[in-house]
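J.: This is the structure, below, for whatever I ask next.
Each value in this text was obtained by applying a stated rule to the coordinates, not by laboratory testing. Quick caveat: nothing in here was measured; it's all calculated off a predicted structure. With ideal geometry, Cβ positions are generated from the backbone for all residues, glycine too; neighbour counts draw on all protein chains shown.
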Amino acid sequence: MVKFVLEHILQLFLVVFSVATLTFLLVRFSPGDPATIMLKANDVPASDEAIYAMRSELGLTDSVGGQYIEWLQQVFTGQWGLSFVSQKPVISELFARLPATLELAFAGLGIMLLVTLVLGISTAVYENGVVDKIGRFLSLLGSAIPTFWLGFLCMYIFSVNFGWLPSMGRNDWKNLILPATTLGLGLGTVYARVLRAYMLEMLQQPFVKASRARGISKKRILVFQVLKHALLPIVTMVGTSFAFMMGGSIIVETIFSWPGLGQYVMESINMRDYPVIQGYVVFAGILFVTIHMIVDFIYLIIDPRLRVR
Amino acid sequence: MKLKRWKQVNVGLLVGLGILLSISLIGLFAPWIAPHDPLAVNLAARLQTPGWAYPFGTDHLGRCILSRIIYGIRISVTSAMIIMFFTMLISVPIALLTGYVRGRTDHMIMRIIDSTLAIPDIVLTIAIVGLLGPSLVNMIFAIVVVRWASYVRFIRSLVVKITQEEYIFSAKMAGNSNFRIVKRYILPQIGMPIIVFSALDMGKIVLNIAGLSFLGLGSQPPTPEWGAMLNDATDYFQVTPHVMLFPGLAIVLFVLACQLVSEKLGKYDITAGKEM
């Protein structure tokens, strides 16, 4: 147990360190001068003196090594610098927008799970039947359709054409439906295929034969016995897809004007707000390693066989 | 039975390859095939629905959407190929080195790779382009930087598996140099799986390029690119949905063809292996 926790903390440290280093290098190589950008963001005329003053204020006159150490210190002490635009600590800006993104991600996850379970189980039950063929087609389509195009289609059909659902903003639960569907649908159809394959593989197991010999129908076995075994791959799917949700949310939030992290990072890119972009990547890194840790931990709870190790 | 199976495999493969080949040819001969200049603005004919003069209609500046999609092939497919080339150039040598030599270098490189893979592709790519500034070149650079790690991981796993085969041991016993073993016995073996893997990935890369261009991080206007066209469509599709319909369909068709080829090639490879 101690080893388990230590291993993950080491990994977290490594990820944060490498991401921090990478983003530092990128900012060094990027064409814009942060001091000029910052002056522009605050509507100060960028005279030579003003730029010089700002450069020393931002610590840009220090040596590269000094700046790097300074940046690492900021990352690990948890301030992550100030946003050029709002002048507030990046970390509090990010936390302010986290709930909206989490809400979207969880809703997307819910839609994904729903599609995966319904489609996965029904295609496994009716193996090689009509339902199976439709499921196969959907999963092919699901992995080929770009998220943003799906978003447009959903928006056109359900809010422009029928006027059933709102297409913009975040006011009540109705606003959540379209973005969440856009986010979860494609991945759900793909994972349905994975679940189907896993369930069919489990059907070859001896315990299934034993149940069959007792006269239990194939459908009953699939739903009541095999599905329990499929819990492990489903947990893996949820864990890995969470990463996908966070990434996909950048596109979905832009389309549906959802006020979350994704939209914020796109705004920051347009404003050249470097500290926010840097902070976002570090933030994402920490989030994902944490999720991986939780998933690994759930494995141990679900499957006693893994605890022996 | 066997014959039927072979036929099935080949039909799907041929359809997929046929689509990809025709898309590439259309892109190659774009100036002769496209009915209009993809950049020609004609405000008198803006947002026209599909008709004889403009088969796929026109966009908000009166540019021919069909011609823009045709010229868009050049941007998307060429960028995807450049990305693939550089990814291979970086990842194959590293994978061979780490997978064949193993040891401490291998351990260190894999640690670095694991930590890059801990962050989802899109997030890292967007951040890199965002920091370097949006442009086609920076986008290509960013996608390569993010992609090579998963390629190394995949190719390395193939190399490791082959290195443990007995014929590699006998080749070593017979006094072959490491270089010769890699060239003669390992490279030919990993070729096919890499092709299958990269065929599927080609589709993903095109999706990636379109997504980034949609966000305004890839190719810049007025360059005709599928994702960028969808970005242009954002303000107009509610009234004239054709401005977003056709570029999206182009992306879906290309990605589906890549998937088909990869899937069928994968099967082909397996059956071929079984019959040997």
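J.: Mind listing the phi-derived Karplus ³J(HN,Hα) values for the range B:162-168, rounded to whole Hz, using 6.51, -1.76 and 1.60 with θ = phi - 60°, and x for any glycine or proline?
T.: Ordered by residue, 3J(HN,Hα) equals 5, 4, 7, 5, 5, 5, 6 Hz.
J.: What nm distance separates the two modelled labels at A:ARG220 and A:SER56, each placed 7 Å from Cα along Cα→Cβ?
T.: About 8.4 nm, to one decimal.
J.: Of the peptides A:154-164, A:91-101, how do they stack up when ordered by the mean number of other Cβ atoms within 10 Å, highest first?
T.: Descending mean neighbour count gives A:91-101, A:154-164.
J.: Of the candidates A:GLY239, A:GLY78, A:GLY120, which one comes out as most mobile in a Gaussian network treatment of chain A with C-alpha springs shorter than 10 Å?
T.: Answer for the Gaussian network model of chain A: A:GLY78.
J.: Determine the distance separating the Cα centre of the range A:246-309 from the Cα centre of the range A:12-79; give it in Å without decimals.
T.: 23
J.: Oh, and also: Which distance in nm do the two modelled labels at A:TRP164 and A:ASN270 give, with both placed 7 Å along the Cα-to-Cβ direction?
T.: Here the modelled spin labels are 3.1 nm apart.
J.: Ok, one more. Sort A:MET54, A:MET112, B:MET192 so that the residue with the fewest other Cβ atoms within 10 Å of its own Cβ comes first and the one with the most comes last.
T.: B:MET192, A:MET54, A:MET112
J.: What average number of partner chain Cβ atoms lie no more than 10 Å from the Cβ of the residues making up A:21-29?
T.: 3
J.: Distance in nm between label sites at B:LEU47 and A:ASN42, each 7 Å beyond Cα in the beta-carbon direction?
T.: Roughly 4.3 nm, to one decimal.
J.: Sorted from fewest to most neighbouring beta carbons within 10 Å, what does the list B:ILE70, B:ILE140 look like?
T.: B:ILE140, B:ILE70
J.: Moving to a separate point now. Partner chain Cβ atoms within 10 Å, averaged over the residues of A:247-256 - can you pull that number for me?
T.: Values: counts 9, 4, 2, 7, 6, 0, 0, 5, 4, 0.
Going residue by residue through A:247-256 and averaging, the value is 4.
J.: For A:ARG212 and A:LEU200 in the same chain, what is the full-extension length gain: residue separation times 0.36 nm, less their Cα-Cα distance, in nm?
T.: 2.9 nm
J.: Give, as ranges by residue number, the residues of the range A:281-305 whose backbone N falls under 18 Å from the point 7 Å along Cα→Cβ of A:LEU102.
T.: Hits in the range A:281-305 for A:LEU102 at 18 Å: A:281-295.
J.: Take A:TYR264, A:TYR68 and order them by how many other Cβ atoms sit within 10 Å, fewest up front. Provide the component values of the computation, followed by the final result.
T.: Values: A:TYR264 24, A:TYR68 16.
Arranged by neighbour count, lowest to highest, A:TYR264, A:TYR68 become A:TYR68, A:TYR264.
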